[in-house]
Every structure is written in C-alpha cells, then in structure tokens.
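Presented below is the structure to which this report refers.
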Amino acid sequence: MAIKIAVLVGSWFHMSALGFRYVAAAACIAFGLVVLESVAGPAEVAQIKSRQDKLRDMGGALKAINDELKKRRIDWDNTVVPNAQTIKDRSGYLLNWFPRGSGPESGVKTYALPAIWQNNDDFVTLGKLAQVEAAKLNQVALSKDANALKAQVEAMGKACKACHDGYRSPDSEKEDEN
Amino acid sequence: MTSTESRMDAALAGTAELRVWDLPVRIMHWSLVIGIGICWWTGLHNELEYHLYSGYAILWIVLMRLYWGLVGSSTARFVNFVRGPKAILDYASTLHRRDTPHTHGHNALGAISIVLMMGLVLAVVILGLFAVDVDGLHSGPLSGYVTFKQGRHLAHLHYYWFTILLWVIALHLAAVIFYFIYKRKNLIGPMISGKRRGDVGDTEMKIAPLWRLAIGAVVATAIVWAVSIGFYF
C-alpha cells in the first residue's frame with residue numbers, strides 16, 4: 001500500500017515537474033506575445049507610418065483631381081491622369097497595409113479601429129470595392145470625359161468614406177494628424 | 001377688478017410697449033441659431049454635403065448682420081452698442097444690482113459677447129471654406145488654394161475654433177438665464193416679439209427701410225455665390 005502511494009506520489013511529482021516546465025514555457029511565450037503586442041517594434045511603427053503616408057498621398061491625389069473640377073479648366077495630362085494612376089496603383093496594395101496587430105494595440109498612434117480585424121470580411125469587401133472604383137477612375141481619367149470624371153470622383157470619395165465611417169476613429173476629426 | 005389686476009395696472013402705469021429689435025435682426029438671430037445647430041449636427045455626423053449648405057447660409061447671415069450693423073435699425077448698429085472699456089467696466093460694476101434700468105438694445109457687456117460670437121462664427125466659416133474633407137467629397141470651396149496637408153490642418157482648426165464658439169454661446173445663454181432669474185428681465189421674449197415694456201419717455205428704435213435690407217441681400221448673395229464656386233468664374 002505504502003509502495004503504491006509512493007509510486008503515485010512519485011509519478012505525480014514527475015508529471016508535475018514536467019507540467020511545470022510546460023506551464024513555464026507557455027507563460028514565457030504568452031508573456032513574450034503580450035510584450036510583442038503591446039510594445040510596438042520598429043516594424044509596426046514603420047508599417048503604420050507608411051500606411052498613413054500612402055493614404056495621405058491618395059487623399060492628396062483625389063483632392064488634386066477635385067481641384068481641377070473646381071477650376072473648370074481641367075488639366076488632364078499633368079494632373080488628372082497621373083493622380084488617378086497614383087490612386088489606382090496605391091489602392092492595389094490597400095489591403096496589405098492592415099496586418100493583424102497594426103491597430104491601436106500596437107501602441108502607435110493610429111486611427112485604425114479594432115473593428116477592422118473584428119469585422120475583417122466586411123473591411124476586405126469595402127477595400128476591394130475601393131479598388132474597383134480606383135480602377136474605374138483611372139479609366140475615366142484616360143477617357144478625358146469631364147462629366148464622367150465628376151461622377152467617378154464622387155463614387156471614389158464615397159468608397160473612401162464607406163471605410164472611414166466605420167473603421168476610422170472619429171477622433172481623427174478632433175485631432176491634428178499632421 | 002381683482003386686486004392682482006389692480007396691482008398689475010399700477011405697475012404698468014407710465015409704461016408702454018417699446019420696439020427694441022426689428023424683424024431682420026430677429027430673423028437673423030434665430031436663423032443663425034438654426035444654422036449653427038444644423039452645422040454642428042452635420043459636422044459631427046460627417047454629413048458634409050448638408051454641412052456645406054448650412055455653412056453657406058451662415059456666411060450669408062453673418063454678412064447680412066455685419067451690413068445691418070452699419071446701415072440697419074438703430075439697435076442693430078455697432079456704433080450704438082459697441083462701447084469702450086470705461087463704459088463696459090461701469091456697466092459690469094452694476095451687474096450685481098437688481099434695480100438698474102433696462103438698456104435699450106444690447107448692454108455694454110452683451111456687446112462684447114455679440115462681437116466675440118460674430119467674430120468667431122466668421123472665423124470658423126472662413127476656416128471651413130479652406131478645409132479639406134479627408135474623403136475628397138465635400139471640401140470647402142476655397143480648398144483648391146491650399147495643399148491637402150494644409151487643408152486638413154485647417155479642418156482641425158475649424159473644429160477647434162467651433163468648440164471655442166460653443167463655450168461663448170454657452171456664456172451667452174448663461175447670461176440670458178442670469179438676467180431672467182436674478183435681474184427678472186426677460187431677454188428672450190423681446191428677441192421673439194421685437195417689443196419690450198419700457199418707460200413712456202424711452203427713445204424708440206429707428207427702423208431702417210427694407211429696401212436697404214434688399215440691397216444687402218443681393219450683395220451678400222453675390223459674395224456667397226462667388227465664394228461657393230471658389231472665385232473660379
């Protein structure tokens with residue numbers, strides 16, 4: 001009986017020592033992950049900065065086209081065509097700019113809301129829609145049809161807004177991002 | 001006759017209904033209230049298309065009010081209510097008293113808040129004219145004269161100065177409540193009816209002719225239209 005208990009205790013001891021090692025390893029990994037998640041490494045900082053710069057360029061490009069429409073004398077070759085090209089090219093990479101972990105949990109100042117990753121399917125759908133509108137905008141720019149451009153600039157803006165309304169923090173209106 | 005009525009008659013003896021605010025001033029005041037309300041709501045909810053329209057309406061009203069402050073009825077004119085520091089301090093020193101006579105039109109302290117509010121409304125509108133919408137859908141009509149980055153910066157200043165304006169409006173409302181409760185003077189009624197009860201001997205308001213208002217309306221409309229197309233004729 002005593003031997004039986006000793007064996008049991010021994011095996012429990014043995015198991016628990018093993019278990020302890022597993023637990024310790026798991027804790028280290030978990031802790032490491034938490035540290036990785038909460039403290040932005042240079043990669044995350046660069047990722048978010050570059051995303052912001054590219055999106056700002058796209059906003060600037062759409063503004064440049066809008067300004068031409070306001071002026072009523074449209075400079076197709078020097079302004080509309082190259083800027084539409086910029087928007088189309090950049091939009092192609094749009095969905096690569098939001099890897100998991102590049103939200104506010106990264107610790108980097110960003111207006112990207114966690115909803116991007118919570119409702120990722122919807123976010124991806126909206127992103128793809130923006131890509132479609134950007135491709136159309138590029139075609140319209142090449143066609144040099146002013147009325148079509150006006151309509152497509154609006155469609156493009158709405159595609160931008162669709163994403164910004166749900167996935168961009170309203171704080172962006174209060175604070176100066178520059 | 002009941003005793004209440006006879007007391008009322010005694011209190012009203014020697015007083016008359018005096019005209020204090022003309023119709024244009026009252027319409028401009030209340031349409032500005034509605035306009036700022038619409039701009040506030042549409043701004044917060046990113047409904048920028050309607051935000052732009054209500055912004056134009058506010059610009060038109062402020063231009064009209066500035067014009068009416070020069071050529072309008074007597075109580076609307078800046079020369080008749082904007083006072084120097086001495087008059088302002090004198091008035092402020094009687095603020096705690098309840099027996100002070102009613103100023104016909106804006107009092108010296110109220111004048112500061114009028115000038116401050118008008119200046120802030122104009123500043124916020126001008127910032128908005130240059131503001132850039134991040135989606136490129138409904139940027140201000142003059143945003144073509146600034147870069148994307150500058151325009152975004154101006155959009156934030158537009159927001160920032162609006163919050164300052166809200167605080168000044170809050171102060172204006174607090175003053176109206178203070179007059180109503182502490183000084184027992186109803187300032188809201190006259191801004192609706194245009195009349196207040198005053199002594200028979202008080203000077204009446206001089207009403208400006210409406211054709212003068214019509215001239216201002218035509219000019220203000222032309223200015224707002226030119227601004228709305230960004231001066232690209």
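Quick note: the coordinates plus some simple rules give every number you see, no bench work behind them. All figures in this text were calculated on a predicted structure; none of them were measured in a lab. Reconstructed Cβ throughout: ideal geometry from the backbone, glycine too, with neighbour counts over all protein chains shown.
Would you please name the residue that is nearest to the other protein chains (Cβ to nearest Cβ), looking only at residues in the range B:107-136 that are outside any helix (DSSP H, G or I) and under 26 Å from the mean Cα position of the chain (by Cα)? Show your work before the answer.
Taking the range B:107-136 and keeping what is outside any helix (DSSP H, G or I), we get B:107, B:131-136.
Next, from what is left, pick out any that are under 26 Å from the mean Cα position of the chain (by Cα): B:107, B:131.
Values: B:N107: 35, B:A131: 11 Å.
Among them, the one singled out is B:A131.
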Worksheet entry | Breaking point among (1) in a helix (DSSP H, G or I); (2) within 7 Å of another protein chain (Cβ to nearest Cβ); (3) surrounded by 18 or more Cβ atoms within 10 Å (Cβ to Cβ), for B:S139 | (1)
Discussion item. Could you list, ordered by first residue, the pairs with Cβ atoms under 8 Å in which the first is in the range B:24-50 and without any contact (Cβ under 8 Å) to a residue 24 or more places away in the chain and the second is of a type in the set (K, R), at least 6 apart or interchain?
Written reply: B:N46/A:K161
Practice prompt. Might you check whether a residue that is touching a residue at least 40 places away in the same chain (Cβ under 8 Å), within 12 Å of chain B (Cβ to nearest Cβ) and outside any helix (DSSP H, G or I) occurs anywhere in the range A:146-161?
Written response: no
Discussion item. Condition first: surrounded by 15 or more Cβ atoms within 10 Å (Cβ to Cβ), part of a helix (DSSP H, G or I), more than 14 Å from chain B (Cβ to nearest Cβ) and touching a Phe, Trp or Tyr at 6+ places or on another chain (Cβ under 7 Å). Can you find one or more residues in the range A:118-133 that meet it?
Written reply: yes
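For every residue, the table says whether it meets (1) more than 15 Å from the chain's Cα centre (by Cα); (2) of a type in the set (S, T, Y); (3) more than 9 Å from every other protein chain (Cβ to nearest Cβ).
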{"position": "B:K149", "(1), (2), (3)": "yes, no, no"}
{"position": "B:H156", "(1), (2), (3)": "yes, no, no"}
{"position": "B:L165", "(1), (2), (3)": "no, no, yes"}
{"position": "B:I177", "(1), (2), (3)": "yes, no, yes"}
{"position": "B:F180", "(1), (2), (3)": "yes, no, yes"}
Worksheet item: Which number in (1) surrounded by 14 or more Cβ atoms within 10 Å (Cβ to Cβ); (2) within 13 Å of another protein chain (Cβ to nearest Cβ) marks the one condition that A:V108 misses?
Response: (2)
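Could you grab me the full set of residues in the range B:211-233 that are assigned to a helix (DSSP H, G or I) and exposed (fewer than 11 other Cβ atoms within 10 Å of the Cβ)? Spell out the reasoning first.
Within the range B:211-233, the first condition is being assigned to a helix (DSSP H, G or I), and the residues that meet it are B:211-228.
Answer for the range B:211-233, where residues must be assigned to a helix (DSSP H, G or I) and exposed (fewer than 11 other Cβ atoms within 10 Å of the Cβ): B:W211, B:A214, B:V218, B:A222.
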Item to complete: Go through the range B:155-200 and give me each residue that's under 17 Å from B:T75 (Cβ atoms) and outside any helix (DSSP H, G or I).
Response: B:K185, B:N186, B:L187, B:G194, B:K195, B:R196, B:R197, B:G198, B:D199
